[in-house]
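To keep things clear, I will list the structure first and then write my remarks on it.
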Amino acid sequence: MAETIIPKATAKRLPVYYRYLNFLANSGTTKISSTELSDAVKVDSATIRRDFSYFGALGKRGYGYDVNDLLKFFKKILNQDRLTNVGLVGVGNLGHALLNYNFRQANNIRISAGFDINPDLAGTIQSGVPIYPMDEMIKQIKDQQIEIVILTVPIDAAQHITDDLVKAGIKGIMNFTPIRISVPSYVRVQNVDLATELQTLIYFLEHYGPTLNEP
Ligand code: ATP
(Lines give C-alpha, C1' and ligand atoms only; values in the text may rest on other atoms or scores of the structure.)
Protein backbone atom coordinates (compact mmCIF):
# COMPACT_ATOMS: atom_id res chain seq x y z
CA MET A 1 0.00 0.00 0.00
CA ALA A 2 1.30 3.47 -0.86
CA GLU A 3 2.43 5.43 2.16
CA THR A 4 -0.15 8.01 3.21
CA ILE A 5 1.33 10.95 5.07
CA ILE A 6 -1.19 11.99 7.68
CA PRO A 7 -0.98 14.65 10.38
CA LYS A 8 0.16 13.43 13.81
CA ALA A 9 -3.11 14.50 15.44
CA THR A 10 -5.03 12.36 12.94
CA ALA A 11 -2.69 9.43 13.48
CA LYS A 12 -3.30 9.62 17.23
CA ARG A 13 -7.05 9.39 16.72
CA LEU A 14 -6.91 6.34 14.44
CA PRO A 15 -6.60 3.77 17.25
CA VAL A 16 -9.57 5.45 18.97
CA TYR A 17 -11.71 5.06 15.86
CA TYR A 18 -10.39 1.54 15.36
CA ARG A 19 -11.23 0.41 18.90
CA TYR A 20 -14.78 1.71 18.63
CA LEU A 21 -15.36 0.24 15.17
CA ASN A 22 -14.17 -3.12 16.47
CA PHE A 23 -16.67 -2.87 19.29
CA LEU A 24 -19.45 -2.04 16.80
CA ALA A 25 -18.52 -4.91 14.49
CA ASN A 26 -18.46 -7.34 17.41
CA SER A 27 -21.93 -6.25 18.44
CA GLY A 28 -23.24 -6.77 14.91
CA THR A 29 -23.61 -3.11 13.88
CA THR A 30 -23.07 -2.70 10.14
CA LYS A 31 -23.33 1.05 9.63
CA ILE A 32 -22.86 4.21 11.61
CA SER A 33 -23.52 7.88 10.89
CA SER A 34 -20.75 10.40 11.41
CA THR A 35 -22.83 12.00 14.21
CA GLU A 36 -23.14 8.69 16.07
CA LEU A 37 -19.44 8.02 15.64
CA SER A 38 -18.68 11.54 16.82
CA ASP A 39 -20.77 11.10 20.00
CA ALA A 40 -19.15 7.76 20.77
CA VAL A 41 -15.50 8.73 20.34
CA LYS A 42 -15.89 12.36 21.49
CA VAL A 43 -14.38 13.84 18.35
CA ASP A 44 -16.44 16.40 16.43
CA SER A 45 -17.86 15.14 13.15
CA ALA A 46 -16.03 17.73 11.02
CA THR A 47 -12.73 16.45 12.40
CA ILE A 48 -13.79 12.86 11.76
CA ARG A 49 -14.68 13.69 8.17
CA ARG A 50 -11.36 15.49 7.69
CA ASP A 51 -9.44 12.60 9.28
CA PHE A 52 -11.18 10.09 7.03
CA SER A 53 -10.64 12.26 3.97
CA TYR A 54 -6.89 11.62 4.17
CA PHE A 55 -7.65 8.08 3.08
CA GLY A 56 -10.10 8.95 0.32
CA ALA A 57 -13.87 9.40 0.55
CA LEU A 58 -15.03 6.69 2.90
CA GLY A 59 -18.53 7.88 3.81
CA LYS A 60 -21.62 8.19 1.63
CA ARG A 61 -23.82 11.22 2.10
CA GLY A 62 -27.10 10.29 3.81
CA TYR A 63 -25.88 6.78 4.54
CA GLY A 64 -22.98 7.15 6.92
CA TYR A 65 -20.12 4.72 7.15
CA ASP A 66 -20.01 1.01 6.54
CA VAL A 67 -18.50 -0.43 9.73
CA ASN A 68 -16.81 -3.43 8.12
CA ASP A 69 -15.36 -1.39 5.27
CA LEU A 70 -13.92 1.10 7.72
CA LEU A 71 -12.58 -1.66 9.91
CA LYS A 72 -10.82 -3.39 7.01
CA PHE A 73 -9.34 -0.07 6.08
CA PHE A 74 -8.09 0.80 9.56
CA LYS A 75 -6.68 -2.70 10.07
CA LYS A 76 -4.44 -2.09 7.07
CA ILE A 77 -3.43 1.41 8.08
CA LEU A 78 -2.69 0.38 11.66
CA ASN A 79 -0.93 -2.83 10.60
CA GLN A 80 -3.49 -4.79 12.58
CA ASP A 81 -3.81 -7.44 9.92
CA ARG A 82 -0.43 -8.86 10.86
CA LEU A 83 0.84 -9.95 14.24
CA THR A 84 3.46 -7.64 15.73
CA ASN A 85 6.00 -9.34 17.97
CA VAL A 86 7.25 -7.15 20.79
CA GLY A 87 10.14 -7.76 23.19
CA LEU A 88 10.23 -6.73 26.85
CA VAL A 89 13.43 -6.02 28.75
CA GLY A 90 13.22 -6.04 32.56
CA VAL A 91 10.70 -8.49 33.99
CA GLY A 92 10.16 -6.73 37.35
CA ASN A 93 6.83 -5.53 38.75
CA LEU A 94 5.92 -3.36 35.79
CA GLY A 95 7.35 -5.86 33.30
CA HIS A 96 5.23 -8.65 34.80
CA ALA A 97 2.12 -6.49 34.66
CA LEU A 98 2.72 -5.81 30.96
CA LEU A 99 3.36 -9.50 30.27
CA ASN A 100 -0.02 -10.23 31.83
CA TYR A 101 -1.79 -7.48 29.93
CA ASN A 102 -3.74 -8.84 27.00
CA PHE A 103 -2.52 -6.60 24.18
CA ARG A 104 -4.08 -8.95 21.66
CA GLN A 105 -7.64 -8.39 22.82
CA ALA A 106 -8.10 -5.30 20.64
CA ASN A 107 -4.87 -5.35 18.69
CA ASN A 108 -2.69 -7.94 17.02
CA ILE A 109 0.25 -7.30 19.31
CA ARG A 110 1.91 -9.84 21.53
CA ILE A 111 4.99 -9.88 23.70
CA SER A 112 6.91 -12.82 22.29
CA ALA A 113 10.12 -12.62 24.35
CA GLY A 114 11.26 -11.22 27.67
CA PHE A 115 14.83 -10.52 28.80
CA ASP A 116 16.21 -10.13 32.29
CA ILE A 117 19.54 -10.13 34.09
CA ASN A 118 18.11 -12.04 37.05
CA PRO A 119 19.20 -15.72 36.76
CA ASP A 120 16.03 -16.78 38.59
CA LEU A 121 13.96 -15.38 35.72
CA ALA A 122 16.12 -16.09 32.68
CA GLY A 123 15.27 -19.50 31.25
CA THR A 124 11.76 -19.54 32.72
CA ILE A 125 8.37 -18.89 31.14
CA GLN A 126 6.42 -16.02 32.71
CA SER A 127 2.75 -15.57 31.77
CA GLY A 128 3.34 -17.76 28.74
CA VAL A 129 6.33 -15.73 27.52
CA PRO A 130 9.88 -17.16 27.44
CA ILE A 131 12.43 -15.07 29.36
CA TYR A 132 15.98 -15.06 28.01
CA PRO A 133 19.24 -14.01 29.68
CA MET A 134 20.72 -10.68 28.58
CA ASP A 135 23.58 -12.26 26.68
CA GLU A 136 21.04 -13.79 24.30
CA MET A 137 19.10 -10.57 23.74
CA ILE A 138 20.70 -9.37 20.52
CA LYS A 139 20.54 -12.83 18.89
CA GLN A 140 16.92 -13.48 19.90
CA ILE A 141 15.75 -10.08 18.71
CA LYS A 142 17.37 -10.66 15.34
CA ASP A 143 16.13 -14.28 15.04
CA GLN A 144 12.56 -13.41 16.03
CA GLN A 145 12.60 -10.25 13.89
CA ILE A 146 11.45 -8.19 16.85
CA GLU A 147 11.29 -4.52 15.89
CA ILE A 148 9.73 -3.04 19.00
CA VAL A 149 10.85 -3.35 22.59
CA ILE A 150 9.29 -2.30 25.87
CA LEU A 151 11.93 -1.11 28.34
CA THR A 152 11.12 -1.67 32.02
CA VAL A 153 14.57 -1.81 33.61
CA PRO A 154 16.08 0.36 36.39
CA ILE A 155 17.34 3.80 35.28
CA ASP A 156 21.04 2.95 35.44
CA ALA A 157 20.62 0.05 33.01
CA ALA A 158 18.47 1.89 30.46
CA GLN A 159 21.11 3.47 28.20
CA HIS A 160 23.48 0.56 27.75
CA ILE A 161 20.57 -1.79 27.07
CA THR A 162 19.24 0.74 24.56
CA ASP A 163 22.62 0.72 22.79
CA ASP A 164 22.42 -3.07 22.49
CA LEU A 165 18.83 -2.87 21.24
CA VAL A 166 19.96 -0.47 18.53
CA LYS A 167 22.75 -2.90 17.60
CA ALA A 168 20.10 -5.64 17.37
CA GLY A 169 18.25 -3.55 14.79
CA ILE A 170 15.08 -2.59 16.65
CA LYS A 171 13.05 0.31 15.27
CA GLY A 172 11.04 1.46 18.26
CA ILE A 173 11.34 1.56 22.04
CA MET A 174 8.53 2.11 24.49
CA ASN A 175 10.51 3.58 27.35
CA PHE A 176 8.95 3.18 30.79
CA THR A 177 12.09 4.41 32.58
CA PRO A 178 12.02 8.03 33.71
CA ILE A 179 15.22 8.94 31.83
CA ARG A 180 15.42 10.13 28.24
CA ILE A 181 17.44 7.53 26.35
CA SER A 182 19.64 8.48 23.40
CA VAL A 183 19.02 6.71 20.11
CA PRO A 184 20.01 7.30 16.48
CA SER A 185 17.51 9.24 14.38
CA TYR A 186 16.14 6.11 12.69
CA VAL A 187 14.89 4.69 16.00
CA ARG A 188 11.68 6.03 17.48
CA VAL A 189 11.15 6.30 21.24
CA GLN A 190 7.81 6.61 22.99
CA ASN A 191 8.27 7.73 26.61
CA VAL A 192 5.75 6.55 29.18
CA ASP A 193 6.60 7.93 32.59
CA LEU A 194 3.79 6.80 34.86
CA ALA A 195 4.95 8.81 37.90
CA THR A 196 5.13 12.04 35.89
CA GLU A 197 1.72 11.39 34.33
CA LEU A 198 0.21 10.94 37.78
CA GLN A 199 1.93 14.09 39.03
CA THR A 200 0.61 16.01 36.03
CA LEU A 201 -2.92 14.85 36.80
CA ILE A 202 -2.56 15.91 40.43
CA TYR A 203 -1.14 19.28 39.34
CA PHE A 204 -4.03 19.91 36.93
CA LEU A 205 -6.60 18.91 39.51
CA GLU A 206 -5.04 21.23 42.09
CA HIS A 207 -4.70 24.19 39.73
CA TYR A 208 -7.59 23.87 37.31
CA GLY A 209 -10.10 21.55 38.96
CA PRO A 210 -11.70 18.48 37.45
CA THR A 211 -13.19 19.84 34.22
CA LEU A 212 -10.11 20.85 32.21
CA ASN A 213 -9.67 18.62 29.22
CA GLU A 214 -6.55 18.64 27.10
CA PRO A 215 -7.49 19.31 23.45
P1 ATP B 1 9.63 -2.07 38.39
O2 ATP B 1 8.30 -1.94 39.00
O3 ATP B 1 10.19 -0.80 37.84
O4 ATP B 1 9.68 -3.17 37.37
P5 ATP B 1 11.10 -3.62 40.34
O6 ATP B 1 11.30 -3.23 41.74
O7 ATP B 1 10.25 -4.80 40.04
O8 ATP B 1 10.61 -2.35 39.58
P9 ATP B 1 13.62 -2.99 39.14
O10 ATP B 1 14.75 -2.94 40.11
O11 ATP B 1 13.11 -1.70 38.59
O12 ATP B 1 12.49 -3.92 39.72
O13 ATP B 1 14.05 -3.91 37.94
C14 ATP B 1 13.14 -4.31 36.97
C15 ATP B 1 13.63 -5.58 36.32
O16 ATP B 1 14.79 -5.28 35.55
C17 ATP B 1 14.04 -6.65 37.32
O18 ATP B 1 13.43 -7.88 36.98
C19 ATP B 1 15.55 -6.72 37.21
O20 ATP B 1 16.04 -8.04 37.42
C21 ATP B 1 15.77 -6.28 35.77
N22 ATP B 1 17.09 -5.70 35.55
C23 ATP B 1 17.84 -4.94 36.38
N24 ATP B 1 19.00 -4.58 35.81
C25 ATP B 1 18.99 -5.13 34.58
C26 ATP B 1 19.91 -5.14 33.49
N27 ATP B 1 21.07 -4.51 33.53
N28 ATP B 1 19.55 -5.83 32.38
C29 ATP B 1 18.37 -6.48 32.32
N30 ATP B 1 17.48 -6.51 33.30
C31 ATP B 1 17.77 -5.85 34.42
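The angle separating the long axis of helix 194-208 from the principal Cα axis of greatest extent in the chain is about 50 degrees. Computed from backbone phi with θ = phi - 60° and the Karplus coefficients 6.51, -1.76 and 1.60, the 3J(HN,Hα) list for the stretch 133-142 is x, 4, 6, 9, 4, 4, 5, 4, 4, 5 Hz; x is used for glycine and proline.
Within the listed set G169, G28, G114, the Gaussian network model of the chain (springs between alpha-carbon atoms below 10 Å) gives the highest mean-square fluctuation for G28. Take the Cβ-Cβ distance between T35 and I6 as r, set R0 to 22 Å, and report the resulting FRET efficiency rounded to the nearest 0.05. Plugging the Cβ-Cβ distance into 1/(1 + (r/R0)^6) gives 0.45.
The H on the amide N of I150, modeled in the peptide plane, is under 5 Å from the matching H of G87, L88, V89, M174, each at least 5 residues off or on a different chain.
Could you name the lysines whose alpha carbon sits less than 19 Å from that of K42, not counting residues in the same chain fewer than 8 places away? Partners found: K8, K12, K31.
Ignoring ligands, DNA and RNA, what accessible area per residue does the stretch 97-157 give at 1.4 Å, in Å²?
Values: 3530 Å² over 61 residues.
About 58 Å² of surface per residue is accessible.
Which value, to two decimals, describes the C-alpha radius of gyration of the stretch 140-198 once divided by 2.2 N^0.38 Å? Could the numbers behind the result be given before it?
Working: Rg = 11.3 Å, N = 59, 2.2 N^0.38 = 10.4 Å.
Here the Cα radius of gyration is 1.09 times the empirical estimate.
The Cα trace of the chain gives Rg and Dmax of 20.1, 62 Å, the first to one decimal, the second as a whole number.
Can you show me the helix-derived [θ] at 222 nm for the chain, built from DSSP H runs with n ≥ 4 at -39,500 (n - 2.57) apiece and divided by the number of residues, rounded to the nearest 500. After summing the helix terms and dividing by the residues of the chain, the value is -13000 deg cm²/dmol. The 3J(HN,Hα) values that the Karplus relation (6.51, -1.76, 1.60; θ = phi - 60°) gives for the stretch 11-27 are, in residue order, 4, 5, 7, 4, x, 5, 4, 4, 4, 5, 5, 4, 4, 4, 4, 5, 8 Hz. Gly and Pro appear as x.
Taking all protein chains as they are arranged and a probe of 1.4 Å, the heavy atoms of T177 leave approximately 10 Å² accessible to solvent. For the stretch 76-196, the fraction of 1.4 Å probe accessible surface lying on carbon and sulfur atoms is 51 percent. For V189, the amide hydrogen comes within under 5 Å of the amide hydrogens of I173, counting only partners 5 or more places away or on other chains and with H modelled in the peptide plane.
Of all the C-alpha pairs in the stretch 114-161, what % are more than 14 Å from each other? Walk me through the intermediate numbers first.
Values: 606 of 1128 pairs.
Counting every Cα pair in the stretch 114-161, those more than 14 Å apart make up 54 percent.
The values are calculated or read from the model by the stated rules, or taken from the named source; none is laboratory data. Every value quoted in this text rests on a predicted model; they were computed, and no experiment measured them. We place every Cβ from the backbone using ideal geometry, glycine too, and count neighbours over all the protein chains shown. Note: accessible area is taken over every heavy atom of the protein model, side chains too, but ligands, DNA and RNA are not part of it. Shrake-Rupley method; radii C 1.70, N 1.55, O 1.52, S 1.80 Å.
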